[in-house]
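*Asks:* Below is one structure. I have some questions about it.
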Amino acid sequence: MTGAREGEPVVSAQGLTKTYGALSAVDHVDLEVGAGDVYGLLGPNGAGKTTFMRMLFGLIRPDSGEISVSGVPVQPEPRRALAEVAGFVEAPRFYPYLSGRKNLELLGRLDGGLRPQRINEVLEVVDLFDRRDSRVREYSYGMVQRLGVAAALMRDPRLLVLDEPTNGLDPAGIRDMRNLIHRLVDTGLTILLSSHHMVEVDEICTRVAIMRRGRLAYDGPITELRAQAGRATRHLDTTDNHVAVEVCRGFAGVEHVQLDGPQIVFDADEATVERLSRELVHAGLGIHRLHAPTSALETLFFRLTEGGTGTPTDEEAAA
Amino acid sequence: MRHLRKVLATTVALGAVVVGASACTPDTTRGRVENDVPATFAHAYALSEQLQGHRPVTPDVTSTECHSSVNTKQDSQPGSWGCDLSYTVDGKKKDVSLLVLIDQLGCYQASNTDNRNAMITDASTGAQLPDPKVGFDGCFDVYDNRTNTSNR
Amino acid sequence: MTTTSAATTRTPITTARTTAGAGTVFGVELRKLLGQTRTRVVATVLLVAPWIFILLVLHQDQLPLETLYGRYLKTTGFATPMVVLVTATQWLFPLIAAFISGDIFSSEDNYGTYKTILTRSVSRRAVFWGKVTAALVATVGLVIAIGASALIAGLVAVGDQPFITVGNLEVPSTAHAIGMVAESWLSVLPPLIGFASIAMCVSVLTRNSVLGVVVPVVIGLVFQMYMFLNAWDTVRHALLNWPMNAWRGLLDDPSYAEPFLRGLVVSAIYTAVALTIAYVVFHRRDIQEG
Ligand SMILES: Nc1ncnc2c1ncn2[C@@H]1O[C@H](COP(=O)(O)OP(=O)(O)O)[C@@H](O)[C@H]1O
Ligand SMILES: [Mg+2]
């Protein structure tokens, strides 16, 4: 039994490094994922998230450093360390000329045993049961992504590794995938999830590591990160912005108040915004809109990964 | 650098051995042709008689002489060869001239230079067949010890 | 997204997970090969071809005299599998080997599925040997099936008249005749395995399905061109096409096995070298794509 002792990390990386020519894709990364963690590996494209996960899966060999699962080093023989690990890196891939069910059946055999009932179960979980006999060639991108999750669940893993599972999905696909992950989190699985969306990680994860150009820029509980993040920029639109701007200016904890065209812009933390909104209503104002287009975490994320304050892209603002 | 020279020397030596070996023992030699063609002719003759429903009689080849028309100097190598055979069948002495086309696999097609298109009737099926005794195929062993240029 | 119960009823793992060996991979690979339409189509065409061939020959006055056994196509049904064998040794067998084996590794690169199988409970060693045995079994199985199909085609279309050896002797016993046909077809398997191994090696090295098939075919054609060149005989004996013809000695009168035995050694060397290179490269490679 490869099960972890109480307190022993499920994943442990020390000085993990992989270079491609002059580029350090993963650069001396030390990282620990504890049992029960929902661990977010966050970073912009090219940060080294996939490379890290490939080394975790033994698909590529580190140039130096070591990565082990439940205390068992992945190299030189990954099979033993990965007995209770499942997941995928980048987009999951299947044999397009076979059906989804047939693909899972073959993978089940490679797991050392086939339980047809389990295949149906996991197909139900990812909502592909009705399309189980269609060839994977005919699946949409989101369906393949969900089949990837099903293939991973079929192994009954202790650790589930998902590399940007919502990447490339349409809004409905993103919603379905997030709901699925939420349900998996509720089962008590240890999950290592990579993403380039701060919001996604914020929503799901208990711990987070932020990667930047192969290095870890932050590693710790998400609550600590939130505490570090502090104030976020807010946008406010009310029935009478001229009155509202005066309310804001006189409110403790609200800073940098500006009337910016049709809306008021200010900085405040969450507790202050809560009190402010009550005060606005009390002053007889109706609130049309009060939101933070860039969350405090995102602002921090951009600062950590880009070294600047950062402006959100449309995509991130919408998320 | 020294390593490279060693490799080069070995390659040249090996190459020389290959060339030397092949130069000494061609696959197609007069000895092999003169051994195989008469034996196969005798079998083909008997086969022809048998297919026609006659008593299968195997001729006794009394003399064979084959020469390459391509490499007349060494009498070796694939290509076109000529064979003159003398044989006795039922006490009668006969001669036959065969054109023997030899390929690189050590196999050949032999055909009677006078009468290469003769047909016979298969006694059992009634079908018209090319007569095996005026045209037949054969192969010889290129690893046997008949590497001399003549079988005599 | 309807049910969550299945996800929560995860069975606790109490014992170490069983792992899959090369035998399991072998089974999975065979299923994948048979799941591909192109494999099934090509196999069907190859099995039907001897029937079409002999029926065409029977409807013509001319016989293919330039091919060994061509002159006996109407004399005995046993000549059909022999003519198919003579023709197939020249280019078809290397092509079949390349078609099946040249794709077995690179198709995973093509589909990006190495990461899918190598994240299951299976070692690279098991994946390698499972794929190798599946490719060899499929190649050998297809060739034997073609031989059997050609033999049946000949017996049905022409009849079971006595077999005629390479030395032009009749073989009256049908059982003996079948044995000789089988012997000649089985004798091409060692070089066939050699060609398949080269194809797998190329497949591992190039990681490209097109090159994995084309390169071994080109190698086979270059060998074949040398075979018909009036060049050094010793080099010709070291080519894989040479032992493909060793059955001619086994079926001659008197028979001689030396070409076959030497061919075994030649084929074994090609196989060992190609598979060793393939194994080392496959075992060390990084799975970057997909
Ligand atoms: N096989 C490779 N060859 C060269 N560079 C690579 C290779 N794989 C990844 N990289 C580089 O390594 C860096 C990290 O890539 P990756 O791990 O895919 O990032 P992420 O998953 O965070 O987007 C990128 O700059 C990428 O271009
Ligand atoms: Mg990535």
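The values are calculated or read from the model by the stated rules, or taken from the named source; none is laboratory data. Just so it is clear, the model here is predicted, and its values are computed rather than measured. Don't worry about glycine lacking a Cβ; one is built from the backbone with ideal geometry, like all the others, and counts go over all protein chains shown. Each accessible area value is taken on the protein alone, full model and side chains, heavy atoms only, with ligands, DNA and RNA left out. Shrake-Rupley method; radii C 1.70, N 1.55, O 1.52, S 1.80 Å.
*Asks:* With the cut-off at 23 Å, tell me which of the pairs B:LYS94/C:LYS74; A:LYS102/C:LYS115; A:LYS18/C:LYS131; A:LYS18/A:LYS49; B:LYS93/C:LYS74 have Cα atoms farther apart than that.
*Replies:* Listed pairs above 23 Å: B:LYS94/C:LYS74; A:LYS18/C:LYS131; B:LYS93/C:LYS74.
*Asks:* In nm², what is the average projected area of the convex hull enclosing the Cα atoms of the protein assembly as shown?
*Replies:* If you wrap the Cα atoms of the protein assembly as shown in a convex hull and average its projections, you get 45.0 nm².
*Asks:* What residues have an amide H closer than 5 Å to that of A:VAL38, excluding those fewer than 5 places away on the same chain, when H is modeled at 1.01 Å from N in the peptide plane?
*Replies:* When sequence neighbours closer than 5 places are left aside, the close amide H contacts are A:ILE191, A:THR206, A:ARG207.
*Asks:* FRET efficiency for A:VAL281 and C:VAL210, Cβ-Cβ distance as r, R0 = 45 Å, nearest 0.05?
*Replies:* After rounding to 0.05, the efficiency reads 0.05.
*Asks:* Need the full-extension length gain, C:ALA145 to C:ASN230, defined as separation in residues times 0.36 nm minus the C-alpha distance. One decimal, nm.
*Replies:* 27.2 nm
*Asks:* Additional query: Could you compute the longest span of chain C free of GluC sites (Glu not before Pro) located in DSSP loops and having at most 16 other Cβ atoms within 10 Å, not counting the site residues?
*Replies:* C:67-288
*Asks:* Normalized C-alpha radius of gyration of the range B:38-88, against 2.2 N^0.38 Å?
*Replies:* So the range B:38-88 has a normalised radius of gyration of 1.44.
*Asks:* Find the sum over both chains of the accessible area lost when B and C are paired, probe 1.4 Å, and report it in Å² to the nearest 100.
*Replies:* In total, this chain pair buries about 3000 Å².
*Asks:* Using only alpha carbon pairs under 8 Å that are at least six residues apart, calculate the relative contact order of the range B:30-139 and give it in whole percent.
*Replies:* Over the range B:30-139, the number comes to 24 percent.
*Asks:* Give the relative contact order (percent, whole number) for chain C; include only Cα pairs under 8 Å separated by 6+ residues.
*Replies:* Rounded, it is 25 percent for chain C.
*Asks:* To check my understanding: the extent here is largest minus smallest coordinate of the Cα atoms along each principal axis. What are those three numbers for the range B:30-139, in Å, largest first?
*Replies:* Largest to smallest, the principal-axis extents are 46, 29, 22 Å.
*Asks:* Hey, another quick one. Buried by at least 40 Å² relative to the chain on its own: which residues of the range B:80-107 qualify, computing accessible area with a 1.4 Å probe on protein heavy atoms?
*Replies:* Residues shielded by partner chains are B:GLN104, B:LEU105.
*Asks:* I would also like to ask the following. Go through the range C:38-49 residue by residue and turn each phi into a ³J(HN,Hα) via Karplus (6.51, -1.76, 1.60, θ = phi - 60°); whole Hz please, and just put x for glycine and proline.
*Replies:* Those phi angles translate into 5, 4, 5, 5, 4, 4, 4, 4, 5, 6, 7, 3 Hz.
*Asks:* Which sequence of B:THR72, C:THR206, C:THR44, C:THR271 reflects their accessible areas, 1.4 Å probe, from the largest down? Walk me through the numbers on the way to the answer.
*Replies:* Values: B:THR72 105, C:THR206 50, C:THR44 80, C:THR271 25 Å².
Ranking B:THR72, C:THR206, C:THR44, C:THR271 by accessible area, largest first, yields B:THR72, C:THR44, C:THR206, C:THR271.
*Asks:* Oh, and also: Ordered by residue, what ³J(HN,Hα) values in Hz, to whole numbers, does the range B:67-75 give under the Karplus form 6.51 cos²θ - 1.76 cosθ + 1.60, where θ = phi - 60° and Gly and Pro are x?
*Replies:* 9, 6, 8, 9, 10, 6, 6, 8, 6
*Asks:* Further question: What angle do you read, to the nearest 10 degrees and between 0 and 90, between the alpha-carbon axis of helix A:296-306 and the longest principal axis of chain A?
*Replies:* Once rounded, the angle reads 60 degrees.
*Asks:* Between the range A:263-307 and the range A:45-120, what's the alpha-carbon centroid distance in Å?
*Replies:* Spelled out, the Cα-based centre of one part sits 42 Å from the other.
*Asks:* Sketch the reach of a paramagnetic label on B:ALA118 as a point 7 Å from Cα along Cα-to-Cβ, and name the residues of the range B:32-50 whose backbone nitrogen lies under 20 Å away.
*Replies:* B:37-50
*Asks:* Give the whole-number value, in cubic angstrom per residue, of the convex hull volume spanned by the C-alpha atoms of the range A:126-216.
*Replies:* Convex hull of Cα atoms, per residue: 119 Å³.
*Asks:* In addition: Give me D for the range C:38-175 in µm² s⁻¹, whole number, from Stokes-Einstein with Rh from the Kirkwood sum over alpha-carbon pairs, 4 °C and 1.567 mPa s. Could the numbers behind the result be given before it?
*Replies:* Details: Rh = 17.2 Å.
Rounded to a whole number, D works out at 76 µm²/s.
*Asks:* A follow-up question, please. Round to the nearest 0.05 the FRET efficiency obtained for A:ALA91 and C:LEU221 when R0 = 35 Å and r is the Cβ-Cβ distance.
*Replies:* The formula returns an efficiency of 0.35 here.
*Asks:* Sticking with the crude label model, points 7 Å out along Cα→Cβ, report the distance from C:LEU56 to A:HIS182 in nm, one decimal please.
*Replies:* Output for this residue pair reads 6.7 nm.
*Asks:* Now for a different question. Note down the nm distance, to one decimal, between modelled labels 7 Å out along Cα→Cβ at C:VAL45 and at B:SER97.
*Replies:* For the pair C:VAL45/B:SER97, the computed spacing is 4.8 nm.
*Asks:* What is the set of long-range amide H partners of B:THR62 at a cut-off below 5 Å, with H atoms built 1.01 Å from backbone N?
*Replies:* Close amide H contacts, sequence-distant or interchain: B:SER86, B:TYR87, B:THR88.
*Asks:* For the protein assembly as shown, what does the accessible surface come to per residue with a 1.4 Å probe? Please give it in Å².
*Replies:* 43
*Asks:* Tell me the angle of helix A:171-186 to the major Cα principal axis of chain A, expressed in degrees between 0 and 90 and rounded to the nearest ten.
*Replies:* 70
*Asks:* Given 5 Å bins starting at zero, what is the percent of C-alpha pairs of chain C in each, up to the one with the largest pair distance?
*Replies:* Bin by bin from 0 Å, the calculated values are 1, 5, 11, 14, 15, 14, 12, 9, 7, 4, 3, 2, 1, 1, 1, 0.
*Asks:* Additional query: Restricting to DSSP H runs of at least four residues, report the calculated mean residue ellipticity at 222 nm for chain C, -39500 (n - 2.57) per run over all residues, nearest 500 deg cm²/dmol.
*Replies:* Using -39500 (n - 2.57) per qualifying helix, the result is -21500 deg cm²/dmol.
*Asks:* Right, next: Can you check how the C-alpha radius of gyration of the range C:83-237 compares to 2.2 N^0.38 Å, as a plain ratio? Walk me through the numbers on the way to the answer.
*Replies:* Values: Rg = 18.9 Å, N = 155, 2.2 N^0.38 = 15.0 Å.
Computed over Cα atoms of the range C:83-237, the ratio equals 1.26.
*Asks:* Say R0 is 35 Å: what FRET efficiency, to the nearest 0.05, do C:VAL137 and A:GLU138 get from their beta-carbon distance?
*Replies:* 0.70
*Asks:* Something else about it: Under 20 Å Cα-Cα from B:LYS73, which aspartates and glutamates qualify once same-chain neighbours fewer than 8 residues away are excluded?
*Replies:* B:ASP27, B:GLU34, B:GLU65, B:ASP84, B:ASP103, C:ASP233
*Asks:* Bins of 5 Å, beginning at zero and ending with the bin holding the largest distance: percent of Cα pairs per bin for the range C:225-290, please.
*Replies:* 4, 15, 17, 16, 15, 10, 8, 7, 5, 3, 1, 0
*Asks:* For the range A:142-199 and the range C:233-282, write down the distance between their C-alpha centroids in whole Å.
*Replies:* For the range A:142-199 versus the range C:233-282, the Cα centre distance is 53 Å.
*Asks:* Just to confirm the number: angle between the C-alpha axis of helix C:93-104 and the first principal axis of chain C, 0 to 90 degrees, nearest 10?
*Replies:* Once rounded, one gets 0 degrees.
*Asks:* Now for a different question. For chain A, what does -39500 (n - 2.57) per DSSP helix run (n ≥ 4), summed and divided by total residues, give at 222 nm, in deg cm²/dmol to the nearest 500?
*Replies:* Counting only the DSSP helices, I get -10500 deg cm²/dmol.
*Asks:* Taking H placed 1.01 Å from N in the peptide plane, check which residues at least 5 places from A:ASP27 or on another chain put their amide H under 5 Å from its amide H.
*Replies:* It is A:LYS18, A:ARG215, by chain and number.
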